[in-house]
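Just below is one structure, and these are the notes that go with it.
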Amino acid sequence: MWHDSKLMNNTANALFGLVLFILVLSGVWWVIQRPLFTLKAIRVEASNMTDSTGLRHVNPLTIRNTALPKIRGNFFTANLDSVRAAFEAVPWVRKASVQREWPNKLIVTLEEHVALGTWGEDGLLISAKGDVFTANLAEAEDDADLVALSGPEGSEKEVLAQYLEFKNWFARINLAPDSVNYSSRYAWSLKLNNGMEVQLGRVQDATTLKGRVDKLMTVYPQLLASLQDSIESVDMRYPNGLALKSSHSNIGSKKQTKASGKT
């Protein structure tokens, strides 16, 4: 009998606890559903508040059309990961972070892409951090002169890093890359801002690539002196020399040094 009484008491206590838990949960649910906690405002700000330009490309219209229709819930129930994803779907947004502000606001901090150039032939842009994104090309062109970069899928950051190396190397002869291509066969080529195309080919390491660039820069002053602005392309894939194409009427359309094999 003692055991039966104890079992009944335990069962009663468990049921009472369950009922109390349900009542508390219902009370909490009732409170968080009050109109007081309906989202009244979503404040959007730039991640770098010291930048007086603020957000350059993200505007209220794109936010209303792209992000706000995807936001569900109130101050308590809104899923912050879903809100973040909704804002990161807005053109030009690289990264978003979201915080709640009592009792009915969300604070959204946005980091915009900084366009460096175009990527491939599909109208994509690549940022200064190597992110490929879709946005209005005309807006990007208003900000800066875009370099044309291309390469196999997944090589975006590698191509960007190599572009920056090329830019640094060619600055010694007051030239800069307008385009850099990394082919599906892993060969490098670029076009400089004087219109000259440079074939550098496949390389085993960065030292070999820089060696080919250094060789070109060593002979470039001589080529410039004799051919002036008529050099159309230079092929540095030869181990013992180079090949060039020139539009100079006195030189002919093509001139090639003695060389054996190319890579």
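The values are calculated or read from the model by the stated rules, or taken from the named source; none is laboratory data. Just so it is clear, the structure is predicted and the values come from calculations on it, not from any experiment. Please note: Cβ atoms are built from the backbone with ideal geometry, for glycine as well, and neighbour counts cover all protein chains shown. Calculation scope for accessible area: heavy atoms of the full protein, side chains included, ligands and nucleic acids excluded. Shrake-Rupley method; radii C 1.70, N 1.55, O 1.52, S 1.80 Å.
Worth pointing out:
- Every pair of residues 6+ apart whose Cβ atoms lie under 7 Å, when the first sits in the stretch 125-142 and is among the small types (Gly, Ala, Ser) while the second is part of a helix (DSSP H, G or I) and buried (at least 16 other Cβ atoms within 10 Å of the Cβ): 130/156; 130/160
- Here the condition is being surrounded by fewer than 14 Cβ atoms within 10 Å (Cβ to Cβ) and under 29 Å from residue 211 (Cβ atoms); of 148, 138, 89, 161, it holds for 161 alone.
- Within the stretch 192-204, considering residues that are open to solvent by 40 Å² or more (accessible area, probe 1.4 Å) and without any contact (Cβ under 8 Å) to a residue 24 or more places away in the chain, the one farthest from residue 232 (Cα to Cα): 204
- Within the stretch 71-86, considering residues that are of a type in the set (S, T, N, Q) and surrounded by fewer than 15 Cβ atoms within 10 Å (Cβ to Cβ), the one farthest from the chain's Cα centre (by Cα): 77
- When residues of the stretch 51-105 are limited to those that are in contact (Cβ under 8 Å) with a residue 60 or more places away in the chain and in contact with a Leu (Cβ under 9 Å, 6 or more places away or on another chain), the one farthest from residue 140 (Cα to Cα): 103
- Picking from residues in the stretch 225-239 that are farther than 12 Å from residue 212 by Cβ and not hydrophobic (A, V, I, L, M, F, W, C), the one that is most open to solvent (accessible area, probe 1.4 Å) is 229.
- Single condition residue 207 does not satisfy, out of (1) out of contact with any Phe, Trp or Tyr (no Cβ under 8 Å at 6 or more places or on another chain); (2) β-branched (Val, Ile, Thr); (3) open to solvent by less than 70 Å² (accessible area, probe 1.4 Å): (3)
- Considering the stretch 53-70, and only residues there that are within 13 Å of residue 83 (Cα to Cα) and either assigned to a loop (DSSP other than H, G, I, E, B) or hydroxyl-bearing (Ser, Thr, Tyr) (or both), the residue that is most open to solvent (accessible area, probe 1.4 Å) turns out to be 66.
- Count of residues meeting criterion [assigned to a strand (DSSP E or B) and closer than 25 Å to residue 98 by Cβ] in the stretch 111-124: 3
- Some residue of the stretch 245-257 being open to solvent by less than 30 Å² (accessible area, probe 1.4 Å), within 16 Å of residue 194 (Cα to Cα) and at pLDDT 90 or above: no
- Matching residues, the stretch 105-160, being more than 11 Å from the chain's Cα centre (by Cα) and of a type in the set (D, E, K, R): 105, 111, 121, 122, 139, 141, 142, 143, 145, 153, 158
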